[in-house]
1. Mind telling me which of the residues Gln53, Gln73, Gln103 ends up being open to solvent by 10 Å² or more (accessible area, probe 1.4 Å), out of contact with any Cys (no Cβ under 7 Å at 6 or more places or on another chain) and over 28 Å from Glu413 (Cβ atoms)?
2. Can you give me the number of residues within region 254-276 that are open to solvent by less than 20 Å² (accessible area, probe 1.4 Å) and either among the aromatic types (Phe, Trp, Tyr) or not in a helix (DSSP H, G or I) (or both)?
3. Working only within region 9-50, note down all residues that are open to solvent by 20 Å² or more (accessible area, probe 1.4 Å), more than 25 Å from the chain's Cα centre (by Cα) and within 12 Å of the ligand (Cβ to nearest atom).
4. Given the criteria of a type in the set (A, V, I, L, M) and crowded, with 19+ Cβ neighbours inside 10 Å, does Ile192 qualify?
5. Is it the case, given these coordinates, that Lys58 is within 16 Å of the ligand (Cβ to nearest atom), under 24 Å from Phe176 (Cα atoms) and either of a type outside the set (Val, Ile, Thr) or in contact with a helix residue (DSSP H, G or I) (Cβ under 7 Å, 6 or more places away or on another chain) (or both)?
6. Take Glu2 and tell me if it is within 15 Å of the ligand (Cβ to nearest atom) and either more than 30 Å from the chain's Cα centre (by Cα) or open to solvent by 10 Å² or more (accessible area, probe 1.4 Å) (or both).
7. I'd like to know if region 89-97 contains one or more residues that are within 16 Å of the ligand (Cβ to nearest atom), of a type in the set (Asp, Glu), at pLDDT 95 or above and crowded, with 18+ Cβ neighbours inside 10 Å.
8. Quick check on region 228-241. Is at least one of its residues open to solvent by less than 10 Å² (accessible area, probe 1.4 Å) and at positive phi?
Amino acid sequence: MEPTTFVLFGATGDLAKRKIYPALYNLFVDKKLPSSFTVFGLGRRELTDETFQANVEKSILTFSRRKANDPVQLKQFINAFRYNVLDIGRKEDYQKLLNRIEQREQELAVTPNRLFYLSVGPEFFETIASNIKESGLGSAAGWKRLIIEKPFGRDLQSARWLNQQLSQAFAEHEIFRIDHYLGKPMVQKLGILQQNNPVLNALWTSRYIANVQITASETVGVEERAAYYDHSGAVRDMFQNHMLQLLMMLATHLPKNSSSEEVRSRKKQVMESLVPLQPYEVAASVIRGQYQAGQINGEPVIGYTSEPNIAPDSMNDTFIAAKLQIDGAFWRDVPFYIRTGKRMKEKSTRIVIEFKEPVQQRNNETKTPNLLVFEISPNEGITLQLNSNEPGQSGDVEPIHLAFHMNGSEMPEAYESLIHSALYGDATYFAHWDEVELSWKWVDPILKAFEENLAPLHYYPAGSYGPAESDELLARDGFHWWFDSKPEQAAEEKEFALHVNK
Ligand code: NAP
């Protein structure tokens, strides 16, 4: 790995403390950082290098997935950290930073490769990029890269504008847009499994698949994010980025050993094939929901509009379910159902693939399809539901489950693998501009329909699976959401859910 100077804007912030420092520490322990590596943390707060290093150490002791029980190793890691006061709008601060970085690079006698990580509000992205260019920070002899956090725009127009501004300072191949769902091990496995298992590859078509269900549910409410969330909603916060990225990762057909460019080009093809919606069509295939008072784990919780700093008449969406169609040879006529929401019954991100031609049970009316389930979080695993019978029993065909579970504590966090990839310059699991643009393009009519109230707002009690209309969306096609463990659903499905959640 090439020597790198890691320049972190927002080094005193929450994301840096909870995710970025622990990720860097775990990469260091795994010997996955360049041997010559310096971090320059930036913020307006006046801190000495020593205080900053002590803060970084504290964040590792508090948030690292692995216990930092080797003080010598920890000290070695912490020594790579420096702090510089920098106000994003003050040009002279960039000059001072450049001088310090150059001095360090000369001390170490390394090529000036610089990775700029913007862990700050999106309103600062443009100013930072342009000051990096103007100050000369971005024009050294080595490479330069930019990592940015979501949100990337709040609609198609603002995203295009932002991209145009960034592209004046960084080329597309230098921009690494983080969608942390793409850093999750099971999401990265979606492509790998398909590429390396002809049996899966062969089944990945409308010939065998009846429908695909992608769910990301949270039990938490709006928490302290009212100012941001009430103007963003589930559609901007989750759907446009994480949910559509999951769809792309699942629906692409990847040849073996696909390059980063190949993956991106296939993902783009999926987005280009999504059947677009017009605002007046949104109500028929998109369910907009908002949570009301209810119970989470037996404890009463308040409704969305009673939350602190939320307007009592807010029409914001805390839930969205949608039916999407991909108009391509592989997926024509296979509905993709996607839902995400807050204050739902369980915290889970899961993809369920329901296969065609379910087996008719002899003794009752239920039909049991083959299911392939990818558990993405909080547990990670794959389960295949097949049909078999117990020798010597009644002879009834019953579902059996082949399950593979990954060991959570051993798994690298999403930020670890993403930062590692960016250090290598591997953009496979980052959102390319084409994907971001096409996602906003698909979502824009939904935003418009919500703004103009063309799609009604449906309410759901906290601790449920969303509004009843979300169930009807599937029932119209003869399907239901799997694993909602509702009393009316089959007993074996509940058992399956328990099994999967173990
Ligand atoms: P935060 O805790 O509010 O931290 C903001 C950081 O920005 C601080 O380090 C602050 O440093 C710095 N900053 C603000 N204004 C500045 C200015 N004018 N000049 C220089 N530095 C300035 O925010 P965060 O939670 O870390 O989030 C950072 C970004 O990541 C946001 O865009 C957020 O949407 C995104 N994000 C966060 C999370 C998360 O889990 N927290 C998850 C996904 C995405 P000083 O106060 O010292 O100036």
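1. Numbers: Gln53 fails: over 28 Å from Glu413 (Cβ atoms); Gln73 fails: over 28 Å from Glu413 (Cβ atoms).
Result: Gln103 is the single residue among Gln53, Gln73, Gln103 that is open to solvent by 10 Å² or more (accessible area, probe 1.4 Å), out of contact with any Cys (no Cβ under 7 Å at 6 or more places or on another chain) and over 28 Å from Glu413 (Cβ atoms).
2. Residues flagged as open to solvent by less than 20 Å² (accessible area, probe 1.4 Å) and either among the aromatic types (Phe, Trp, Tyr) or not in a helix (DSSP H, G or I) (or both) within region 254-276 amount to 2.
3. Within region 9-50, Arg44, Arg45, Glu46, Leu47 meet the criteria.
4. No, not satisfied.
5. no
6. no
7. Taking every residue of region 89-97 in turn, at least one turns out to be within 16 Å of the ligand (Cβ to nearest atom), of a type in the set (Asp, Glu), at pLDDT 95 or above and crowded, with 18+ Cβ neighbours inside 10 Å.
8. yes
The values are calculated or read from the model by the stated rules, or taken from the named source; none is laboratory data. Fair warning: this is a prediction, and the values are worked out from it, not measured in the lab. Cβ atoms come from the backbone with ideal geometry, glycine included; neighbour counts cover every protein chain shown. Ligands, DNA and RNA are stripped out before the accessible areas are found, and what is left, the full protein with its side chains, is counted by its heavy atoms. Shrake-Rupley method; radii C 1.70, N 1.55, O 1.52, S 1.80 Å.
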